[in-house]
Every structure is written in structure tokens, then in C-alpha cells.
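Q: The structure under discussion is supplied below as C-alpha cells; questions concerning it will follow.
The values are calculated or read from the model by the stated rules, or taken from the named source; none is laboratory data. All figures in this text were calculated on a predicted structure; none of them were measured in a lab. Counting neighbours? That spans all protein chains shown, and the Cβs are built from the backbone with ideal geometry, glycine included. The area values use the complete protein model at the heavy-atom level, side chains included, leaving out ligands, DNA and RNA. Shrake-Rupley method; radii C 1.70, N 1.55, O 1.52, S 1.80 Å.
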Amino acid sequence: MDDCIFCKLANNENGNFVYDDENVVAFDDINPVAPVHVLIVPKKHIQDIASLEEGDEKYVVSVTKAIKEVARIKGVLESGFRIINNCGVDAGQTVNHLHFHLIGGKSLGEKII
Ligand code: AMP
Ligand code: ZN
């Protein structure tokens, strides 16, 4: 996807990544809502979590690994953190390339669920 900002960021070999493997990268959110706010992003353009298809399992596995690694690197593995995925209009998704927010570093009081 030529005009997708996360395709560009995730496939930049000189990117400033918190985590990087063959399938996903993680980088700091440009507009953090918490002391730790990292985005975990597959290198393949997948619009949202509802668009995952057969063959994408490796991305899901890498996201799972990245969550633990990012939490460890950012020092929130023990204190706790939250993973958020916005899918579609009602969830307020603004970047149409699958990504998971990892937020933490403070008490995340404002629970919806
Ligand atoms: P969402 O609303 O779930 O689609 O989240 C999109 C997130 O991407 C927001 O938290 C933005 O701050 C973040 N974002 C947008 N552009 C960039 C960028 N160039 N680098 C890092 N984060 C970005
Ligand atoms: Zn993309």
C-alpha cells in the first residue's frame, strides 16, 4: 500500500523500533496517552483485525511475542499494561493498518470494560 503511513514506517530498515522481527515492528506512538504508549504493527498491510485471513497466523504469533518483549523493554511487565485494538468506524480507528496499542507506566483508571 503506497499511501499507507504504517506500511512505510513498518518497512523502514532504518526505523527507530522498540521491537523488530521478521513479521512485526513496534514503535512509540507519536501522540502518547500514557508514559508508555507503543504501537505493535505487522509489516504486511492488513486493514484491521477483522481482515486477518488464512496465512496471517505468523503475524498474530509475532504480535503476541512483541507484546511481552515491548512490555519487558519498557519496564511495565511487572506493573501491568493494557492492549487496545480499534477496529473500524465505531471504535474510532484512524489509521487503517492493523495495530495494537500497548499503554502503561501509570495507573490506567479509565476502564470501559
Ligand atoms: P487508532 O486511532 O487506533 O487508529 O490509532 C492510531 C494511532 O497512530 C494514534 O494513537 C496516533 O497517535 C498514531 N500515529 C499516527 N501517525 C503516527 C506516526 N507517524 N508515528 C507514530 N504514531 C502515529
Ligand atoms: Zn499499511
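Q: Given the residues HIS45, HIS37, which is the only one that is open to solvent by less than 70 Å² (accessible area, probe 1.4 Å) and part of a loop (DSSP other than H, G, I, E, B)?
A: Values: HIS37 fails: part of a loop (DSSP other than H, G, I, E, B).
Result: HIS45 is the single residue among HIS45, HIS37 that is open to solvent by less than 70 Å² (accessible area, probe 1.4 Å) and part of a loop (DSSP other than H, G, I, E, B).
Q: Considering only residues of segment 61-102 that are open to solvent by 70 Å² or more (accessible area, probe 1.4 Å) and β-branched (Val, Ile, Thr), which is farthest from ASN31 (Cα to Cα)?
A: VAL61
Q: Check ALA10 against each of (1) at pLDDT 95 or above; (2) away from ligand 2 (no atom under 16 Å from the Cβ); (3) more than 24 Å from ILE113 (Cα to Cα) and name the one condition it does not meet.
A: Checking ALA10 against (1) at pLDDT 95 or above; (2) away from ligand 2 (no atom under 16 Å from the Cβ); (3) more than 24 Å from ILE113 (Cα to Cα), the one that fails is (2).
Q: Inside segment 76-92, can you point out the residues that are away from ligand 2 (no atom under 16 Å from the Cβ) and either closer than 19 Å to VAL63 by Cα or of a type in the set (D, E, K, R) (or both)?
A: Selection gives VAL76, LEU77, GLU78, GLY80, PHE81, ARG82, ILE83, ILE84, ASP90.
Q: Got a number for residues in segment 82-108 being part of a strand (DSSP E or B) and more than 10 Å from ligand 1 (Cβ to nearest atom)? It would help to see each step written out before you state the result.
A: So in segment 82-108, the residues part of a strand (DSSP E or B) come out as 82-84, 100-104.
Next, from what is left, pick out any that are more than 10 Å from ligand 1 (Cβ to nearest atom): 82-83, 102, 104.
Counting residues in segment 82-108 that are part of a strand (DSSP E or B) and more than 10 Å from ligand 1 (Cβ to nearest atom) gives 4.
Q: Collect the residues in segment 16-32 that are within 11 Å of ligand 1 (Cβ to nearest atom), outside any strand (DSSP E or B) and surrounded by 13 or more Cβ atoms within 10 Å (Cβ to Cβ), keeping them in residue-number order.
A: Those that are within 11 Å of ligand 1 (Cβ to nearest atom), outside any strand (DSSP E or B) and surrounded by 13 or more Cβ atoms within 10 Å (Cβ to Cβ): ASP29, PRO32.
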